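Colleague: I am attaching a structure below and will ask some questions about it afterwards.
The values are calculated or read from the model by the stated rules, or taken from the named source; none is laboratory data. These numbers come from a predicted model, not from an experiment. Positions of Cβ are generated from backbone atoms using ideal geometry, with glycine treated the same way; all protein chains shown enter the neighbour counts. Note: areas computed on protein heavy atoms with side chains; ligands, DNA, RNA excluded. Shrake-Rupley method; radii C 1.70, N 1.55, O 1.52, S 1.80 Å.
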Amino acid sequence: MRRLPRLLRGALSLTWSAARKEFAASAALQLAAAACMAAQILIVQRALSGVIGVAEGKEDISDVLPAILALAAVSTVLTFANIARTELQRLLGELVARRALDQVLDVSTGVELLAYDSPTFLDRLQRARTNAVSRPAQMATGLVGVLSALLTIAGVSAALFFLEPVFLVVVLLAYVPLWIATTRASKVIYRFNVVQTERDRRRDYLSYVLTRKEEAAEVRAFDLSGFFRRQYEKLWDERLAELRTVVARRMRVGLIGGMVTSALTAATLAVLVVFINGERMDLAQAGAAAAAVVLLGQRLQLLSGSAGSLYESSLFIEDFTSFVAAMPVLDAARPKDQAPDGFRKLRVDSVSFSYPTRDEAALDNVTLEVEQGQVVALVGENGSGKTTLAKLLAGLYQPSLGAITWDGIDVTKCDPLSVRRSVGVIFQDFAKYMLTAHDNIATGRHERFDLRDEVVRAARRSGADSFISRLPKGYDGRLGSPFLGGNDLSVGQWQRMALARAFFRDAPFLILDEPTAALDPRSEADLFENVRELYGGRTVLLISHRFSTVRSADMIFVLFAGRIVERGTHEQLMDIAGLYAELFTLQAAGFLDPQQ
């Protein structure tokens, strides 16, 4: 409860920035509705009094008509206000959800890549993304509902106090148990959702495995659908079993609160009968008082529900607000110095690196130098640290120890974005963007997005132009089968698109992590025979398991268990007869005729 004012200010600020006109209009309609309800009580009393007067011959029917017409007018305004408020809140919810999700995306794209190796971060991201869709708007509309209910209660209470103060006290006391029950029920559902976060992510993952094209072929080839479905359904069963317990507990709490409230409300109406019988109130006052008691009870119940929704949302919204609050911290922590536009000499100086989920170091005291214009290669067995080192050089990870310098400037202390602007990267698990062919390539340097001639030139250099030009819409043809009109590509063709993206980036330093894994032998040979011409004097770092593709590199670094254990040209490393020579010989043996 101490955090509620701060969370409420955050939700209101978000709502106001996203939809101030809609929020103000909704609030105004709430005020109008509250005034109309209070007016209805007094108009009903006057109408009842007039009707009784006509029945007793004390008044003429014309004396009652103004009250009846006033009641009809107020009811019309109230009906319109409720309809308009409902529709505005629908729009309000969409606008606030968009703004909230924008803030989540700011953080998810602003954090360093290493955060995605942390299950804790992924849990927080899941809750923030889920809660951003509904909770800020729910909290804002909950607040509006509370204010509306309070205003209505104030008006109706004033009318009821005017009629009989005792009823006001009893009715207000009747809804205290309901408020307590609602608050406790909100805590129960919040704790349930926090506990379920990781299970929900696992269930979502299994759902993706069962529905995405990427896994569809293997799921069918290995007959895995039943296996994954059983795991998926087990997680659902566990969630539903715990949810049944939570729902039962919330129902018990709500029932107890409702029973106490109903008993007090019944007592209020019993007192009303006693007052009528004792002639403390006339029939008109009693009718108006009865209507006021019922209306006040409805408003108090609405207040309880809105306040409960507000309180429940405040519990969930803290997951959202604490997540997006990281953005100013990230901005403040990010170095402001800009990296140079390239280098003459790159040096990795005693660099070590560890992942947060692993005990052993991925890189241990790595030192190497790369000259401008060189083609250098990283080789080694799986898990030796090649891709990790590539990500450090690309500015995607920061070393745990050591420095990476460009011409003596430690770029680990520079803005990572400025480092990445001078680096082009193709990863082994390259992205396949379901966009047009032009857009797929142009994302390599989105600042030059509209340069069609450069896009085509990059495609020709990678060999992608040969199949793009055959598409029905050419470079404007959409790639990928998930969307209508999309053209599916082979894995090798997708890899050529990734290569074209790297060419279009036109960066002075290019990192290629298994860039030809999906290419046929002829295409691979053509690419590496012309690597120096294709990359136009740029510095190239090549990672490959195919030793035949790296033998022409100016320098080869051999990694083992996170350390550089050998370095030199192909000829030098073969002369050493160490790990490189062993691996090269093993690979070459597969192409030799054992009979020769």
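Colleague: Across the stretch 227-232, in residue order, what do the Karplus-derived ³J(HN,Hα) couplings come to in whole Hz, using 6.51 cos²θ - 1.76 cosθ + 1.60 with θ = phi - 60° and x for Gly and Pro?
Modeller: For the stretch 227-232, the Karplus-derived couplings read 4, 5, 4, 4, 5, 4 Hz, x marking Gly and Pro.
Colleague: Right, another one. Count the net charge of all other residues whose Cβ sits under 14 Å from the Cβ of residue 232, scoring Lys and Arg as +1 and Asp and Glu as -1. It would help to have the intermediate numbers written out before the result.
Modeller: Numbers: positive: 199, 201, 202, 203, 212, 229, 230, 234, 239; negative: 200, 204, 215, 233, 237, 238.
Computed value for this residue: +3.
Colleague: Taking the stretch 362-410, which GluC sites (Glu not before Pro) meet the DSSP loop condition and have no more than 13 other C-beta atoms within 10 Å? Intermediate results must be reported in sequence, preceding the final value.
Modeller: Values: sites: 369, 371, 381; in loops: 381.
In loop regions of the stretch 362-410 (DSSP not H, G, I, E or B), the sparsely surrounded GluC sites (Glu not before Pro) are 381.
Colleague: Let me ask something additional. Which residues' amide hydrogens lie under 5 Å from the amide hydrogen of residue 354, considering only partners 5 or more residues apart or on another chain, with H built in the peptide plane?
Modeller: 362, 400
Colleague: Could you state how much accessible area residue 37 has, in square angstrom rounded to the nearest 10, with a 1.4 Å probe and all protein chains kept in place?
Modeller: 20 Å²
Colleague: If we sort 464-473, 66-75, 216-225 on the protection proxy, mean other Cβ atoms within 10 Å, highest first, what's the order? Display every interim value, and only then the final one.
Modeller: Details: 464-473: 16.5, 66-75: 14.5, 216-225: 11.1.
Going from most to least packed, we get 464-473, 66-75, 216-225.
Colleague: Continuing with the same structure: Quote to one decimal, in nm, the extra length available between residue 545 and residue 365 on full extension: 0.36 nm per residue of separation minus the C-alpha distance between them.
Modeller: Values: separation 180, 0.36 × 180 = 64.80 nm, distance 2.28 nm.
Result for the pair: 62.5 nm of gain on full extension.
Colleague: Would you mind counting up the charge near residue 576? Only other residues with Cβ under 14 Å from its Cβ, with Lys and Arg at +1 and Asp and Glu at -1.
Modeller: Details: positive: 567; negative: 566, 571, 575, 582.
Net charge in that neighbourhood comes out at -3.
Colleague: Which order do peptides 24-30, 484-490 fall in by mean Cβ count within 10 Å, highest first?
Modeller: Details: 24-30: 18.4, 484-490: 12.9.
Result, highest mean first: 24-30, 484-490.
Colleague: Using 0.36 nm times the number of residues separating residue 241 and residue 420, minus their current alpha carbon distance, what extension gain do you get?
Modeller: 59.6 nm is the gain from fully extending residue 241 to residue 420.
Colleague: Right, next: Under the Karplus relation 6.51 cos²θ - 1.76 cosθ + 1.60, θ = phi - 60°, what is the ordered set of whole-Hz ³J(HN,Hα) values for the stretch 476-489, x standing for Gly and Pro?
Modeller: Once θ is set to phi - 60°, the couplings for the stretch 476-489 become 9, x, 7, 9, x, 7, x, 10, 4, x, x, 10, 7, 10 Hz.
Colleague: Assigning unit charges at the beta carbon (Lys, Arg +1; Asp, Glu -1) and nothing else, what dipole magnitude in debye, to the nearest 20, does the stretch 452-497 show about its Cα centre?
Modeller: On the way: 8 positive and 5 negative charges, 19 e Å.
Approximately 100 debye in magnitude.
Colleague: Per-residue HN-Hα couplings for the stretch 442-457, Karplus 6.51 cos²θ - 1.76 cosθ + 1.60 at θ = phi - 60°, whole Hz, x for Gly and Pro?
Modeller: 5, 5, x, 8, 5, 5, 10, 4, 8, 7, 4, 4, 5, 4, 5, 4
Colleague: Which FRET efficiency value, to the nearest 0.05, do you get for residue 325 and residue 447 by plugging their Cβ-Cβ distance into 1/(1 + (r/R0)^6) with R0 = 35 Å?
Modeller: Values: r = 30 Å, r/R0 = 0.86.
With a Förster radius of 35 Å, E is 0.70.
Colleague: Under a straight-distance cross-link criterion of Cα-Cα below 19 Å, which lysines are reachable from residue 336, leaving out those fewer than 8 residues away in the same chain?
Modeller: 413
Colleague: Mind giving me the nanometre distance, one decimal, between the label points for residue 552 and residue 187, set 7 Å out from Cα along Cα→Cβ?
Modeller: Here the answer is 7.1 nm between the modelled labels.
Colleague: Using modelled backbone amide H atoms (1.01 Å from N, in-plane), which distant-in-sequence or interchain residues come within less than 5 Å of residue 436's amide H?
Modeller: The answer is 479.
Colleague: Of 353, 427, which has the most accessible area and how do the rest follow, probe 1.4 Å? Walk me through the numbers before you get to the answer.
Modeller: Working: 353 5, 427 60 Å².
Solvent-accessible surface, decreasing: 427, 353.
Colleague: Take the alpha carbon gyration tensor of the stretch 309-454, find the square roots of its eigenvalues, order them as a ≥ b ≥ c, and report rounded if a/c is under 1.5; if not, report prolate when a/b exceeds b/c, else oblate.
Modeller: Numbers: a/c = 1.74, a/b = 1.27, b/c = 1.37.
In terms of gyration-tensor shape, oblate.
Colleague: Please find the FRET efficiency linking residue 77 to residue 484, where r is the Cβ-Cβ separation and R0 is fixed at 51 Å, and quote it to the nearest 0.05. Could you put the intermediate results ahead of the total?
Modeller: Values: r = 48 Å, r/R0 = 0.93.
Efficiency at R0 = 51 Å is approximately 0.60.
Colleague: If you don't mind, another one. Efficiency by 1/(1 + (r/R0)^6): what FRET value for residue 94 and residue 577, r their Cβ-Cβ distance, R0 = 60 Å, to the nearest 0.05?
Modeller: 0.30
Colleague: Continuing with this model, one more query. If each of residue 217 and residue 259 carries a label point 7 Å out from its Cα toward its Cβ, how far apart are those two points in nm?
Modeller: Those two pseudo-labels are separated by 6.3 nm.
Colleague: Could you sort the peptides 246-252, 552-558 by per-residue average Cβ neighbour count (10 Å cutoff), highest mean leading?
Modeller: Details: 246-252: 14.1, 552-558: 20.1.
Result, highest mean Cβ count within 10 Å first: 552-558, 246-252.
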